[in-house]
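Data block below; observations after.
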Amino acid sequence: MNRTEDDDGLGAEVNSRLDEMFGDDDPEEFDEQDSPIRNLKALVAGIDWEISDESMSAFLKEIRFLQDKYQSDKNLSMFLKLQETIGKYIKAKKARAHPDAIRFVVEVFRNFETVLMQPDMPETEKKRLVSSDIRKFKEFKQQVLSRGPGSEQKDREPVSSVKPAAVLENKEALDYIVEELKKTIKSELQVIQQIIKNLGA
């Protein structure tokens, strides 16, 4: 298929628009195809779309790979540690995970990517981003703990602590009936004893 001048013009216009949106002055080593975190970026996007054992295992495996790669950089290591911790939580809870868990992973990844792609960023700015994510993690952890282990059942209709016999389990219903019979018999015996006592007076 021959390319026309219109095709060339359209392609040039698209490239121009992409340059305006993302810029064309990124360091060559961080080109999308050569980026050392290209796989992690794709996995994060996958988690945002669907959670599965396979996707979470791949995500955690990539995190461990990058932890080895950047273990000498405290800032990058902390970003990766935060992502690993939340990733393990999401893998364990899946659909029952806190609704903010995935959003937190995405936000931490963005800061991680920003710091990695800007090696000349002042150390104070890097630490500010790390500290911000640590603070958010502590807040998130508190939210998770406040839900409690049985939080997924809290939305269910509460059951009254006073159970009528009709809604009790079979054994509980039997015990309830026996206790009521005992009370009745005891009451009747007391009446009979009182009658006998009166007759003997």
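Each value in this text was obtained by applying a stated rule to the coordinates, not by laboratory testing. Remember, it's a predicted structure, so these values are computed and weren't measured experimentally. Quick reminder, even Gly has a Cβ in these numbers, built from the backbone with ideal geometry, and neighbours come from all protein chains shown.
Going through the cross-link list Lys69/Lys93; Lys41/Lys138; Lys41/Lys81, which pairs have a Cα-Cα distance over 21 Å in this structure? Violating the 21 Å Cα-Cα cut-off are Lys69/Lys93; Lys41/Lys138. Compared with the direct C-alpha span, the chain from Ile185 to Lys94 gains 27.2 nm at full extension, assuming 0.36 nm per residue.
Label-to-label distance, Thr114 versus Arg135, with points set 7 angstrom from Cα along the beta-carbon direction: 1.3 nm.
How would region 26-148 be classified by its alpha-carbon gyration tensor: rounded, prolate or oblate, with rounded meaning a/c under 1.5 and the a/b versus b/c comparison settling the rest? Let's see the in-between values first.
Working: a/c = 2.15, a/b = 1.34, b/c = 1.61.
Oblate shape, in that a/c is at least 1.5 and b/c is the bigger or equal ratio.
Since only Ser146, Thr114, Ile90 are under comparison, the one whose Cα sits farthest along the positive direction of the charge dipole of region 26-148, derived from C-beta charges on Lys, Arg, Asp and Glu, is Ser146. Our estimate of slack between Arg128 and Arg38, defined as 0.36 nm per intervening residue step minus the Cα-Cα distance, is 30.0 nm.
Tell me, in nm to one decimal, what length is gained between Phe65 and Asp53 on full extension, where the rule is 0.36 nm per residue of separation less the Cα-Cα distance? Show your work: numbers first, answer last.
Details: separation 12, 0.36 × 12 = 4.32 nm, distance 1.83 nm.
So the extension gain works out to 2.5 nm.
Inter-label distance, Gln142 to Met121: 2.5 nm, where each label sits 7 Å from its Cα along the C-beta direction.
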